[in-house]
Amino acid sequence: MTPSSEKELIQVMADASGPLNIVGGGTWQARNNAEPLYTSGLSGVTLYEPEALTLVAKAGTSLAEIEILLAKNGQCLPFEPNNLAALQGVKSTPTIGGVVATNASGPRRISAGACRDSLIGVRFVDGSGTVIKNGGRVMKNVTGYDLVKLMSGSFGTLGVLSEVSFKLLPAAQASASVLVVEDEKTCAATMARALGSPFDVNGAGHVDGVTALRVEGLSGSVAYRATALAKLLGGEIGEFDWQVLRDVQAFAGQEGDVWRFSVKPSDGPVLAAELRRLGAQQIMFDWAGGLLWVLAPSGMDMRKAKYKGHAMLLRGNALPVFQPRPAVIAALEKALRAKFDPKNILNPDWMT
Amino acid sequence: MQMPVANAEIIASKAGIVARLRNLLPDGAVIDDPVETKVYECDALSAYRCAPLAVVLPASTAEVAAVLRACHEMKVPVVPRGSGTSLAGGAMPTADSIILGVARLDKVLETDYENRFIRVQSGRTNLSVSGAVESNGFFYAPDPSSQLACAIAGNIAMNSGGAHCLKYGVTTNNLLGVTMVTMAGEIVELGGAYLDSGGYDLLGLVCGSEGQLGVVTEATLRILAKPEGARPVLIGFDDNAVAGACVSDIIQAGVLPVAIEFMDRPILEAVAKFVDAGYPDAEALLVIEVEGSEAEINHQLALITKIAQRHNPVEIRESRSAAESANIWKGRKAAFGAMGQINDYMCLDGTIPVSQLPLVLRRISELSKEYGLDVGNVFHAGDGNMHPLILYDANKPGDLEKCEDMGAEILKLCVEVGGCLTGEHGVGIEKRDLMYEQFNGDDLEIQMAVKDVFDPEWLLNPAKVFPLDASEARRG
């Protein structure tokens, strides 16, 4: 099914009796045969006010279309959404609704926040066919409960998004990376020093023996801060492809499962050592050491490692995608889901 | 302001309720003497008052859980209270409710500079969180104007903002985790010192839920390295709309100041009588602050100045020293106090799309004439969060009602132009019955269904946020 308007979507949801897989660009493939509900018919930018740093788009609008429009006006989505299509081995064009549903957020999350932090409004149709709006198009809004945050990262299990609103940022005029060659054991400490400096670091990762720090902004300021940072860390200004890290391109096309761990940054290297002992083949760090991308043999349970945080199986079929939740929270989530999706039909595979 | 009829049965059982609470808490942590409960009758929306049944001041998460479990069993409503600085009546009690104050929960539990967070008990004041990490070169970014007094618990309940949120975001963007107790007395950990917890974003849901989903007892907050320096520039204009256009141009040019504050003539006149800030004679004044190294500050201020020149400013004054910076901010910080010297005032908090600024300012000034009440505008222009201050005389019969009617019209206007009723103060009791302006029945129903999940009997801060007629059936 491909509803072409919010009105049609309402009808589809009201009539639906069996499970539905909500499909944006198709980066995330469901493991079941439920009927797909494509959002591609809900497409187009509804409102763009560059002077107010605000964009509103229908949920099925392609991310690429939005990024081109913003770039033309010297603006960007602050949270640097990633595109995991290549990693997942699928041909897909990510949609802005899919970005929201998965809270897809790149390296800049450590300073600009995640998708949920830039998302300022949603319209969605819940599992009973009721259209609901929350938030709006202004960047400060505490009117009523913040269902905007709840929808971001809910993987389509609470409703089908029809429209989303964002606050934007001016695109950086200049960007520079500072590189430090070191073992991954010490990378979190280096990144902590960088983020503890006043130089406004907005990217901090470690790949293959190189720790990379990024500064962005007005060109004079970037040159000053990159130089100061290189001096502080004993590193050098150099080239680093942040998009390769953002999209986990290094693991695309390689055999094996891909895991994603979110932990306290200083725990990153410790966890990495344990994951390697368990059999992990390659590990990359983002978010100052707090995000680990892990390539491991198929079916090997990386959750056996000791860690405090969250592990998600991004690619692989043998184990659950989502980490089980503590009982009290699981009960709250189950009850919430029943309120938003009383017929229990939305994305049955996800968030379980 | 209409409040629900208090439950006479609960009031009649006061002695038993208080005795049970005394059993759970150390000496002095339960207050029921009407003289001592007087300070808990209202928050900063002081036009509305009501004495609570009693006040409890627990000092640990376990004590909060014990109190809530007991109140849950006895079916006694609980109104959580931070420092009582809510401008929306968020902490105002009803006669049949227990006030749960977090003032004794004021400890710093953990500071971690390597991972850039601080974990505190929720009764700690906003400014003292920054104070705890300042000597190590860090700060906590959200800075509501009440930051000297307001508690983190209240900041979380209302999702408080501040002058610097244009760059650093509001509370929800700086909150990593909470320990929360549900009305049934269950302790829940949401989020933590890592960025993703998986599952639904319950942390984001709880932040801004006005103490209706649980009582937050501990919070993990993101702290940031202090910038090398910061400096403001003051720019005066002879027209409100031109000042608004200048704000748009600055934002569009790719400069991102940490704060853009706007003051109109009525505010400037009040400030001039109150403090000597040396502001120029202007219709509208912008205070714009930028951060960074000395060279970066100069560069950004030069860009801003260049843009401002295109709008024929009556004056541009860049700060060249710490003393000049303090002077520029002095007037802005004194604005509320200055208006308070003239008369009683009501402070609104609607947010509008920045593009609608000239229209909204014009309409406000027309409404001011229609109602015969003076209005000053002082607000965060970068993010469209307006704070019209309507002056009235509390001793003049009918003046408060007139002021409230005018306030309601302004808020309706904010919604009409694409904005919202409240940007950072919250709904509380003040804007509760205006919620229909922004939401329809379905929008409100799903929000109330969320409360049903966390507090099925609607015992936590029940008479807030939702229009009374909408929540009536649930409140029992």
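The values are calculated or read from the model by the stated rules, or taken from the named source; none is laboratory data. Only a predicted model underlies this, so the values are computations on that prediction, with no experimental measurement involved. Cβ coordinates were reconstructed from backbone atoms using ideal geometry, including for glycine residues, and neighbour counts include every protein chain displayed.
Just to be sure I understand, how many residues within segment A:122-162 are in a strand (DSSP E or B) and either facing chain B (nearest Cβ under 8 Å) or touching a Leu at 6+ places or on another chain (Cβ under 8 Å) (or both)? Summing the residues that are in a strand (DSSP E or B) and either facing chain B (nearest Cβ under 8 Å) or touching a Leu at 6+ places or on another chain (Cβ under 8 Å) (or both) in segment A:122-162 gives 11. Among the residues of segment A:245-275, the ones that are in a helix (DSSP H, G or I) and at pLDDT below 95 come to 0 in all. Here is the figure for segment B:13-47: residues that are small (Gly, Ala, Ser), surrounded by 11 or more Cβ atoms within 10 Å (Cβ to Cβ) and assigned to a helix (DSSP H, G or I) total 1. For segment A:301-313, a residue qualifies if it is surrounded by fewer than 19 Cβ atoms within 10 Å (Cβ to Cβ) and either more than 9 Å from chain B (Cβ to nearest Cβ) or part of a helix (DSSP H, G or I) (or both), and the qualifying residues are A:301, A:303, A:304, A:306. The listed residues are B:87, B:100, B:127, and the only one of them that is in a helix (DSSP H, G or I) and of a type in the set (A, V, I, L, M, F, W, C) turns out to be B:127. In this structure, residue B:240 does satisfy being buried (at least 20 other Cβ atoms within 10 Å of the Cβ), modelled with pLDDT under 95 and not assigned by TED's automatic domain parsing to the domain that holds residue B:171. Out of A:336, A:291, one residue alone is under 23 Å from residue A:159 (Cβ atoms) and within 8 Å of chain B (Cβ to nearest Cβ). It is A:336.
Mind listing just one residue for me: the one in segment B:304-338 that is in contact with a Pro (Cβ under 8 Å, 6 or more places away or on another chain) and polar (S, T, N, Q) and, of those, surrounded by the most Cβ atoms within 10 Å (Cβ to Cβ)? Ranking the qualifying residues of segment B:304-338, first place goes to B:319. Within segment A:180-190, the set of residues being touching a residue at least 40 places away in the same chain (Cβ under 8 Å) and not in a strand (DSSP E or B) comprises A:184, A:185, A:186, A:187, A:188, A:189, A:190. The residue list A:177, A:197, A:165 contains one member that is in a strand (DSSP E or B) and farther than 14 Å from residue A:108 by Cβ, which is A:165. Residue count for segment B:214-229, restricted to those that are away from every other protein chain (no Cβ under 11 Å) and either over 30 Å from residue B:80 (Cβ atoms) or polar (S, T, N, Q) (or both): 1. Only one of the listed residues (B:453, B:378) is among the hydrophobic types (A, V, I, L, M, F, W, C), in contact with a helix residue (DSSP H, G or I) (Cβ under 6 Å, 6 or more places away or on another chain) and within 14 Å of chain A (Cβ to nearest Cβ). That residue is B:453.
When segment B:155-213 is limited to residues that are more than 8 Å from chain A (Cβ to nearest Cβ) and at pLDDT below 95, the one that is nearest to the chain's Cα centre (by Cα) turns out to be B:162. Kindly evaluate residue B:316 against the criterion of being over 24 Å from residue B:337 (Cα atoms) and part of a strand (DSSP E or B). When the stated conditions are applied, residue B:316 passes them.
Kindly evaluate residue B:335 against the criterion of being in contact with a Gly (Cβ under 6 Å, 6 or more places away or on another chain), away from chain A (no Cβ under 14 Å) and under 28 Å from residue B:392 (Cβ atoms). Considered against the rule, which asks whether it is in contact with a Gly (Cβ under 6 Å, 6 or more places away or on another chain), away from chain A (no Cβ under 14 Å) and under 28 Å from residue B:392 (Cβ atoms), residue B:335 comes out as no. Scanning segment B:420-438 for residues that are within 8 Å of chain A (Cβ to nearest Cβ), buried (at least 23 other Cβ atoms within 10 Å of the Cβ) and not acidic (Asp, Glu) returns B:420, B:421, B:422, B:423, B:425, B:426, B:427, B:431, B:438. Pairing each residue of segment B:304-330 that is of a type in the set (Lys, Arg) with any residue that is assigned to a loop (DSSP other than H, G, I, E, B), provided the two are 6+ apart or on different chains, yields C-beta distances under 6 Å for B:330/B:275; B:330/B:277. For segment A:95-119, a residue qualifies if it is surrounded by fewer than 22 Cβ atoms within 10 Å (Cβ to Cβ) and either of a type in the set (Val, Ile, Thr) or in a loop (DSSP other than H, G, I, E, B) (or both), and exactly one does: A:113.
Exactly one residue out of A:258, A:210, A:270 is assigned by TED's automatic domain parsing to the domain that holds residue A:309 and free of Cβ contacts under 8 Å to residues at least 40 places away in the same chain: that is A:270.
Taken over segment B:339-353, the criterion of being buried (at least 24 other Cβ atoms within 10 Å of the Cβ) and either out of contact with any strand residue (DSSP E or B) (no Cβ under 6 Å at 6 or more places or on another chain) or under 17 Å from residue B:421 (Cα atoms) (or both) is satisfied by B:348, B:349, B:350, B:351, B:352. Pairing residues of segment A:77-90 that are assigned by TED's automatic domain parsing to the domain that holds residue A:25 with residues that are among the basic types (Lys, Arg) and crowded, with 18+ Cβ neighbours inside 10 Å, at Cβ distances under 7 Å and at least 6 apart in sequence or on separate chains, gives A:78/A:108; A:79/A:108; A:79/A:109; A:80/A:108; A:80/A:246; A:82/A:246; A:87/A:315; A:88/A:315.
Answer yes or no as to whether residue B:268 is under 30 Å from residue A:310 (Cβ atoms) and in a helix (DSSP H, G or I). Spelling it out, it is not the case that residue B:268 is under 30 Å from residue A:310 (Cβ atoms) and in a helix (DSSP H, G or I).
Residues that are among the charged types (D, E, K, R) and away from chain A (no Cβ under 14 Å) within segment B:389-419 comprise B:393, B:396, B:399, B:401, B:402, B:404, B:405, B:409, listed in sequence order.
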